[in-house]
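Here's the structure, in structure tokens; my notes come after.
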Amino acid sequence: MNRSILVVYRPAAGRYAAQFRSVVTAAAGLGVATVVLLPTGWQAPEAEGLAQYHADLDDPAAVRAAVDGIVAEHRVERIFPLFEGDVLPAARARRDHGIPGLTPGQALNFRDKNVMHRRAEELGVRVARSCRPDTIGAVEEFAARAGYPVVVKPYAGWACGRTYRVDGPDALARVWDEMGDDRHEYRVEEFVHGTEYHVDSLFKDGEPVFAQLSRYTYSILEYRDEPGGTVSRKHGLSPAEQRILDLNTVVLRGFGLSTGVVHAEFFLLDDGDVVFGEAGARAGGGSIVPAIEAGRGINLAGEWCRLELDPAHRTEARLGPEIGTEYLASDRYGLVTAITGPDELTSLEKVLDADVWKTVGDVIAPPTASNDVLGWYVCEGTDFEDVRARFKTVRDAFRVETAPAAPGAGVAEPVGAAADGRA
């Protein structure tokens, strides 16, 4: 059997298409074939010509059974899950077949926020205070100690789905009713007041070979009120920003990462202290990957593949100007009758790349997660404020017109339903 890799790929909304193509290209350049595991019923034109298999990717047993069949027919050397929810099932499949990469125990450090925060504390890294919502009394006691607001979130969630900012007792009562019998799936954290950053990293044999620090321009929990934006921080880092990069290395090593890609989030407090938020063992969601590709000249997913398959590969990234990326959003809901296209956006000054996921005839519904958006764009600037000013110019140029949708009309699934995008 020829050398192969397995990519667990969810083609919903085109969100991972560029990452998928980059992994396939990287593997092919090393003489390695790609096998694709897709969700049941899905087809992906970008996977044409590749060996394709299907399974219910939300059923861990079905995924492991599908991989059993795949490794019986292909010499799989590595498994690449592109979506947050596939990280742990992929780790279990690796263990089943002795394939190198994250083990299930290591994957839990990146997937289960209860495990994640406990391990970070063991490493001496500050995290938000938290409690389990065993009873509403436990949450009320915690809120009395930590102070409102508090954040209620799934311990293994993504993209702010089913995540609530709770500002007081009345809001807590409403959220408690919404959680219902599923409260064992949640955790409660104090609300961290600080500036949020993210670090997108590549590791090789336990050592960082690439790390990009970026600063969010918004609060992720307020995704319904403003589009998500992030700006790179490459020049003139403060000591506190450098501390974020140092802590990122501490966390990823302590979580057991050997070779791979990670998107991690941190908060910088007004007093200069740093609080770890969370980390996912996959490339950043939304437009983080194309933004880094535009600014640094590497595709994180493709580099991950090369680092895994080629012991001699060395990541070489340029520095370049500061790069920003922002989601495209609209408060107009209904049937799309007109929408600005990507070519119109890239014709704007300093806009380097763009993608629009909606077209005329689609239906826009109110967002239910931070990645329920219409697309994204990437631009460059001299510094954080210059990029933010560019955001406003592009945002003002983006136009969406809608009409009331016919009863029962809609999309097959929300834009972000099968995607990560925790920008």
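What number goes with the only condition from (1) modelled with pLDDT under 70; (2) open to solvent by 20 Å² or more (accessible area, probe 1.4 Å) that ARG422 does not pass?
Condition (2) is where ARG422 drops out.
Which one of these does GLY124 not meet: (1) in contact (Cβ under 8 Å) with a residue 24 or more places away in the chain; (2) surrounded by 18 or more Cβ atoms within 10 Å (Cβ to Cβ)?
(2)
What residue, among those in segment 72-102 that are acidic (Asp, Glu) and in a helix (DSSP H, G or I), is nearest to TRP158 (Cα to Cα)?
Let us first name the residues in segment 72-102 that are acidic (Asp, Glu), namely 73, 77, 84, 86, 96.
With in a helix (DSSP H, G or I) added as a condition, the list becomes 73, 84, 86, 96.
Numbers: GLU73: 33, GLU84: 7, ASP86: 12, ASP96: 26 Å.
Step by step, filter segment 72-102, then rank; the result is GLU84.
Kindly establish whether ALA61 is over 24 Å from ARG306 (Cβ atoms), among the hydrophobic types (A, V, I, L, M, F, W, C) and either in contact with a Leu (Cβ under 6 Å, 6 or more places away or on another chain) or exposed (fewer than 15 other Cβ atoms within 10 Å of the Cβ) (or both). Steps first, please.
Working: over 24 Å from ARG306 (Cβ atoms): yes; among the hydrophobic types (A, V, I, L, M, F, W, C): yes; either in contact with a Leu (Cβ under 6 Å, 6 or more places away or on another chain) or exposed (fewer than 15 other Cβ atoms within 10 Å of the Cβ) (or both): yes.
Considered against the rule, which asks whether it is over 24 Å from ARG306 (Cβ atoms), among the hydrophobic types (A, V, I, L, M, F, W, C) and either in contact with a Leu (Cβ under 6 Å, 6 or more places away or on another chain) or exposed (fewer than 15 other Cβ atoms within 10 Å of the Cβ) (or both), ALA61 comes out as yes.
If we scan segment 127-137, do we find a residue that is touching a His at 6+ places or on another chain (Cβ under 8 Å) and of a type in the set (S, T, N, Q)?
There is at least one residue in segment 127-137 that is touching a His at 6+ places or on another chain (Cβ under 8 Å) and of a type in the set (S, T, N, Q).
Of the residues GLY69, GLY41, GLY105, only one is assigned to a helix (DSSP H, G or I), free of Cβ contacts under 8 Å to residues at least 24 places away in the same chain and either open to solvent by 60 Å² or more (accessible area, probe 1.4 Å) or out of contact with any Ser or Thr (no Cβ under 8 Å at 6 or more places or on another chain) (or both); which? Don't jump to the end; show me each part of the working.
On the way: GLY41 fails: assigned to a helix (DSSP H, G or I); GLY105 fails: free of Cβ contacts under 8 Å to residues at least 24 places away in the same chain.
The conditions single out GLY69.
Looking at segment 140-193, what strands (runs of 3 or more DSSP E) fall wholly within it and have at least 1 residues that are of a type outside the set (Asp, Glu), under 24 Å from GLY286 (Cβ atoms) and free of Cβ contacts under 8 Å to residues at least 24 places away in the same chain? Spell out the reasoning first.
On the way: elements: 150-154, 164-166, 186-190.
Because the criterion is at least 1 residues that are of a type outside the set (Asp, Glu), under 24 Å from GLY286 (Cβ atoms) and free of Cβ contacts under 8 Å to residues at least 24 places away in the same chain, the strands (runs of 3 or more DSSP E) in segment 140-193 that meet it are 164-166.
Here is a list of conditions, (1) within 22 Å of PRO290 (Cα to Cα); (2) surrounded by 17 or more Cβ atoms within 10 Å (Cβ to Cβ), and ILE364 meets all of them except one; can you say which number that is?
(1)
Of the residues VAL231, VAL261, VAL251, which single one is over 20 Å from GLU322 (Cα atoms) and in a strand (DSSP E or B)?
Only one candidate passes the filter, namely VAL261.
Exactly one condition in (1) buried (at least 22 other Cβ atoms within 10 Å of the Cβ); (2) under 29 Å from ARG10 (Cβ atoms) is false for ILE244; which is it?
It fails just one condition, (2).
Being loosely packed, with under 14 Cβ neighbours inside 10 Å, of a type in the set (Asp, Glu) and over 23 Å from LEU88 (Cα atoms), is that true of even one residue in segment 204-225?
Yes, some residue in segment 204-225 is loosely packed, with under 14 Cβ neighbours inside 10 Å, of a type in the set (Asp, Glu) and over 23 Å from LEU88 (Cα atoms).
So GLN52 clears everything in (1) in contact (Cβ under 8 Å) with a residue 60 or more places away in the chain; (2) part of a strand (DSSP E or B) except one condition, right? Which one?
(1)
Could you say which residue among ALA312, ALA301, ALA294 is in contact with a strand residue (DSSP E or B) (Cβ under 8 Å, 6 or more places away or on another chain), open to solvent by 10 Å² or more (accessible area, probe 1.4 Å) and among the small types (Gly, Ala, Ser)?
ALA294
Contact list please: Cβ distance under 6 Å, first residue in segment 74-87 and among the basic types (Lys, Arg), second residue in a strand (DSSP E or B), pairs at least six apart or on different chains.
Going by the 6 Å Cβ cut-off, the qualifying pairs are ARG75/ARG3; ARG75/SER4; ARG78/ILE5.
Going through segment 248-273 one residue at a time, which ones are in contact with a Gly (Cβ under 9 Å, 6 or more places away or on another chain) and crowded, with 21+ Cβ neighbours inside 10 Å?
Across segment 248-273, the qualifying residues are LEU252, LEU257, GLY260, VAL261, VAL262, HIS263, ALA264, GLU265, PHE266.
Note down all Cβ pairs under 8 Å where the first residue falls in segment 332-356 and is open to solvent by 70 Å² or more (accessible area, probe 1.4 Å), the second is among the aliphatic types (A, V, I, L, M) and not in a strand (DSSP E or B), and they're at least six residues apart or on different chains.
Final answer for the pair search is TYR333/ALA365; GLU344/ALA397; LEU352/ALA294.
I'd like the full set of residues that are aromatic (Phe, Trp, Tyr), open to solvent by 30 Å² or more (accessible area, probe 1.4 Å) and within 25 Å of the chain's Cα centre (by Cα), limited to segment 130-186. Step through it out loud before you land on a result.
Here is the first cut: in segment 130-186, the ones aromatic (Phe, Trp, Tyr) are 142, 148, 155, 158, 164, 176, 186.
Subsequent filtering for residues that are open to solvent by 30 Å² or more (accessible area, probe 1.4 Å) retains 148, 155, 158, 164, 176.
Once the filter is applied, which keeps residues that are aromatic (Phe, Trp, Tyr), open to solvent by 30 Å² or more (accessible area, probe 1.4 Å) and within 25 Å of the chain's Cα centre (by Cα), segment 130-186 yields TYR155, TRP158, TYR164.
Inside segment 1-31, can you point out the residues that are of a type in the set (Val, Ile, Thr), farther than 15 Å from PHE83 by Cα and surrounded by 21 or more Cβ atoms within 10 Å (Cβ to Cβ)? Give the derivation first.
Kept after step one, since they are of a type in the set (Val, Ile, Thr), are these residues of segment 1-31: 5, 7-8, 23-25.
After this cut, where a residue has to be farther than 15 Å from PHE83 by Cα as well, the list is 5, 24-25.
Listed by number, the residues that qualify are ILE5, VAL24.
Residue by residue through segment 318-365, note down the ones that are in contact with a strand residue (DSSP E or B) (Cβ under 7 Å, 6 or more places away or on another chain) and basic (Lys, Arg).
ARG332, LYS350, LYS358, listed by residue number.
For segment 390-419, what are the residues that are closer than 29 Å to SER214 by Cβ, surrounded by 11 or more Cβ atoms within 10 Å (Cβ to Cβ) and at pLDDT 90 or above?
Let us first name the residues in segment 390-419 that are closer than 29 Å to SER214 by Cβ, namely 390-400, 413-419.
The next check asks that each one be surrounded by 11 or more Cβ atoms within 10 Å (Cβ to Cβ); those that pass are 390-391, 393-395, 397-400, 413-419.
Correct list: ARG390, PHE391, THR393, VAL394, ARG395, ALA397, PHE398, ARG399, VAL400.
The values are calculated or read from the model by the stated rules, or taken from the named source; none is laboratory data. As the structure is a prediction and not an experimental result, all values here were calculated from the model. Glycine gets a Cβ as well: all are built from the backbone with ideal geometry, and neighbour counts include every protein chain shown. Calculation scope for accessible area: heavy atoms of the full protein, side chains included, ligands and nucleic acids excluded. Shrake-Rupley method; radii C 1.70, N 1.55, O 1.52, S 1.80 Å.
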